[in-house]
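First comes the structure, then the notes that go with it.
The values are calculated or read from the model by the stated rules, or taken from the named source; none is laboratory data. A quick note: this is a predicted structure, and the numbers were derived from the prediction, not measured. Here the Cβ is made from the backbone with ideal geometry for all residues, glycine too, and neighbour counts use every protein chain on show.
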Ligand SMILES: *Cc1c(COP(=O)(O)O)cnc(C)c1O
């Protein structure tokens, strides 16, 4: 039974069946790109529905409506990147306020919180959100916002969203969950008690690696109004063409995730028994410590996994020697990618902080795409054997 009032089946349908062009007399089945900066007003004193694209645009509104529906929120706003969305949510906190964040976060989020928020007089601290009791002790009277990811990337630590939501509510703060790794197809944090869901829509929501975008979805209309005020005031709304591309990408979300997730399960099973692999991190494996918690709040394990080889040199060689996996930061695209998080996506976190958080330097992250499983296995097998052999020969 689903904990949600909507099953994944309904969501698969909602992804493709929605009003693509509300109010349009021609009834197009794809959303038109309203590539205009401004809109003619009916009179000198009366405003029409739209006046200026920084404030609102019909293409963006269709996307926003759709994202709000998928996450089960009352309103969604879309931004020029995931970082812009995260920053906008942090702007809800005024000077003197405190942001409490989980201690395993995307590198760019760590940079925003640690190096930008303090300039605005907002204090930030981190605590292990996988341990609600310890996390509870980290709240301060001035805590206004709690920010976390689950599963975390790349280590896939699992946070009990319901437990942290109850704590956050008791302290009168807002809980924001970065749902980038799961997407609404697999996890809907608002249903679990979160107040705000944040996305780097650059990843799975877009799914084709051709748009930078971010989103914030809220449960409370007043928070939505405040975010809309901030978006109009600061000018970080997603451009119409990018809205169109993102909306188009979301239509295939279910099909892409179903297939990539199936491949990821099989790839994880194969990696576990590979002699050159010392550890596999995938929440779809029953021995994963967060398996039960995760599957009590999400509908699947997704298409990201990470593994270790025991040596940074071997891991770097694996990343370089794969041919089918693009060496690239980012994930969630139709094409598989591979990276060394400590040298790439998480390099903005200082080495001593990475060590404190037990992020292994030899960790390899894999984002699985729509390639054939046999091809991915063959490529990875060749790279692993070559890398292990090369380093053994050199060392
Ligand atoms: C990529 C990413 C971001 C940042 O999003 P951009 O679109 O790159 O700005 C934030 N959070 C998570 C979990 C991410 O993976």
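Residues are listed down the side, and each one gets a yes or a no for (1) within 16 Å of the ligand (Cβ to nearest atom); (2) free of Cβ contacts under 8 Å to residues at least 12 places away in the same chain; (3) within 27 Å of residue 21 (Cα to Cα); (4) touching a helix residue (DSSP H, G or I) at 6+ places or on another chain (Cβ under 8 Å):
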{"residue": "231", "(1), (2), (3), (4)": "yes, no, yes, yes"}
{"residue": "239", "(1), (2), (3), (4)": "yes, no, yes, no"}
{"residue": "246", "(1), (2), (3), (4)": "yes, no, yes, yes"}
{"residue": "264", "(1), (2), (3), (4)": "no, no, no, no"}
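For the range 149-177, a residue qualifies if it is within 11 Å of the chain's Cα centre (by Cα) and under 22 Å from residue 360 (Cβ atoms), and the qualifying residues are 149, 150, 151, 152, 153.
So that you can scan it fast, the table gives a plain yes or no per residue for (1) within 16 Å of the ligand (Cβ to nearest atom); (2) out of contact with any strand residue (DSSP E or B) (no Cβ under 6 Å at 6 or more places or on another chain); (3) in contact (Cβ under 8 Å) with a residue 24 or more places away in the chain; (4) farther than 21 Å from residue 199 by Cβ:
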position	(1), (2), (3), (4)
302	yes, yes, yes, no
305	yes, no, yes, no
313	no, yes, yes, yes
321	no, yes, yes, yes
324	no, yes, yes, yes
334	no, yes, yes, no
353	no, yes, yes, yes
359	yes, yes, yes, yes
371	no, yes, yes, yes
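Of the residues 277, 283, 223, 181, which is crowded, with 17+ Cβ neighbours inside 10 Å, touching a residue at least 40 places away in the same chain (Cβ under 8 Å), more than 20 Å from the chain's Cα centre (by Cα) and assigned to a loop (DSSP other than H, G, I, E, B)? None of the others qualify; the one that does is 277.
For the range 202-218, the set of residues classified as within 7 Å of the ligand (Cβ to nearest atom) and not in a strand (DSSP E or B) consists of 202, 203, 212, 213, listed by residue number. Kindly establish whether residue 88 is within 12 Å of the ligand (Cβ to nearest atom), within 24 Å of residue 183 (Cβ to Cβ) and touching a helix residue (DSSP H, G or I) at 6+ places or on another chain (Cβ under 9 Å). Criteria met by residue 88.
The numbered conditions (1) part of a loop (DSSP other than H, G, I, E, B); (2) farther than 24 Å from residue 352 by Cα are all true for residue 151 except (2). Taking the criterion of being within 16 Å of the ligand (Cβ to nearest atom), in contact with a strand residue (DSSP E or B) (Cβ under 7 Å, 6 or more places away or on another chain) and assigned to a loop (DSSP other than H, G, I, E, B), the residues of the range 186-201 that qualify are 194, 201. Those helices (runs of 4 or more DSSP H) of the range 1-119 in which at least 3 residues are modelled with pLDDT of 95 or more and crowded, with 16+ Cβ neighbours inside 10 Å, considering only elements entirely within it, cover 58-71, 82-90.
Yes/no matrix, rows are residues, columns are (1) in contact with a helix residue (DSSP H, G or I) (Cβ under 7 Å, 6 or more places away or on another chain); (2) on the phi > 0 side of the Ramachandran plot; (3) at pLDDT below 95:
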| position | (1), (2), (3) |
| --- | --- |
| 306 | no, no, no |
| 343 | no, no, yes |
| 359 | no, no, yes |
| 373 | yes, no, no |
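Does the range 169-176 include one or more residues that are surrounded by 19 or more Cβ atoms within 10 Å (Cβ to Cβ) and within 27 Å of residue 14 (Cα to Cα)? Yes, some residue in the range 169-176 is surrounded by 19 or more Cβ atoms within 10 Å (Cβ to Cβ) and within 27 Å of residue 14 (Cα to Cα).
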